[in-house]
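Read through the structure below, which is laid out as structure tokens, and then see the notes.
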Amino acid sequence: MAASTPSVPSSWTARLGTVGVWRSTSSITPELAQTIEQLGYGTLWLGGSPESALHEAEEFLDATEHLQIATGIVNIWQSDAAELAASYHRIEARHPGRLLLGIGTGHRESTPERVRPIDAMVSYLDVLDRENVPVESRAISALGPRMLELARERSAGTHPYLTVPTQTREARDALGAAALVAPEQTVVLDENSDSARVSARRFLKSYLQLDNYTRNMRRAGFTDDDIANGGSDQLVDGLVAHGSAAEISAVVQSHLDQGADHVCIQVQPANSDITTPLELIAAELSLTAQR
């Protein structure tokens, strides 16, 4: 079993729980949200760039009792800031304190950028400010140092995607003790290293073609050779935790030890039954007992 988490949780851990689940919004049902809550996961992160109307977030909140819902992430190039703010206020009125807005800039290959991402994010946050969305209700998916600085100054913290535990420490050091650090961690519950790496490489394939992620892999210490040809074993093993529930839980714990308040796990393959892996990992981490 993974090592125990600190006895005095941060305010963010108290709100979000120690561990949550990240999944593409289109692959979530109210029934799955209920299962995730029953297993003891504190937060459900809605991936796949949910729309600013946030109808799915409201639906999943309606279906559960105390599960937090967070967006992971709303893409600022695709979602109107004023509409997102209106959706936040609508949902906050019905489910106070249960919605966290994760926002980000996506990646340049799929977005016709007219201004620099950092400038676009500043403008987006300006609108959220004018529409009275509290700073503590939004987090930025920050990978580079400039976006991390903005996350520290104008949001609750950061929700980084596809990072390693050493980068969690770097984010904590950059943001300070009070900020939210909530990394995503992809996992494959498969004790056969060869087949687990097949699943991991299938997941990583598109990300290895994207500039913002490959730059961040280099920041983590991976080389061009690691990134080339589908990814080296070292890169695959570093980015995608695989093995038994105990081995995966140890990686989750490593993020927590490096300063994360909360870790959200993304189970791969995404089209498989994710309930069994979630059950086994929850048991390993004693999540039901924590709730």
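Summary table below
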| read-out | value |
| --- | --- |
| Neighbours by Cβ (under 9 Å, 6+ apart or cross-chain): first from region 261-290, of a type in the set (Ser, Thr, Tyr) and surrounded by fewer than 16 Cβ atoms within 10 Å (Cβ to Cβ); second assigned to a loop (DSSP other than H, G, I, E, B) and modelled with pLDDT of 95 or more | Thr275/Leu39; Thr288/Leu39; Thr288/Gly40 |
| Inter-residue pairs, beta-carbon under 6 Å, first within 18 Å of Glu65 (Cα to Cα) and in region 80-96, second in a helix (DSSP H, G or I), 6+ apart | Ile91/Glu58; His95/Leu61 |
| Selection status of Ala156, more than 13 Å from the chain's Cα centre (by Cα) and either without any contact (Cβ under 8 Å) to a residue 24 or more places away in the chain or more than 15 Å from His262 (Cα to Cα) (or both) | no |
| For Ser195: the one exception among (1) out of contact with any helix residue (DSSP H, G or I) (no Cβ under 6 Å at 6 or more places or on another chain); (2) within 30 Å of Val135 (Cβ to Cβ); (3) not basic (Lys, Arg) | (2) |
| Filtered residue count, region 229-260, keeping only those that are surrounded by 19 or more Cβ atoms within 10 Å (Cβ to Cβ) and over 23 Å from Gly42 (Cβ atoms) | 7 |
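The values are calculated or read from the model by the stated rules, or taken from the named source; none is laboratory data. Please read all numbers here as calculations on a predicted model, not as lab measurements. No Cβ is skipped: glycine too gets one built from the backbone with ideal geometry, and neighbour counts run over all protein chains shown.
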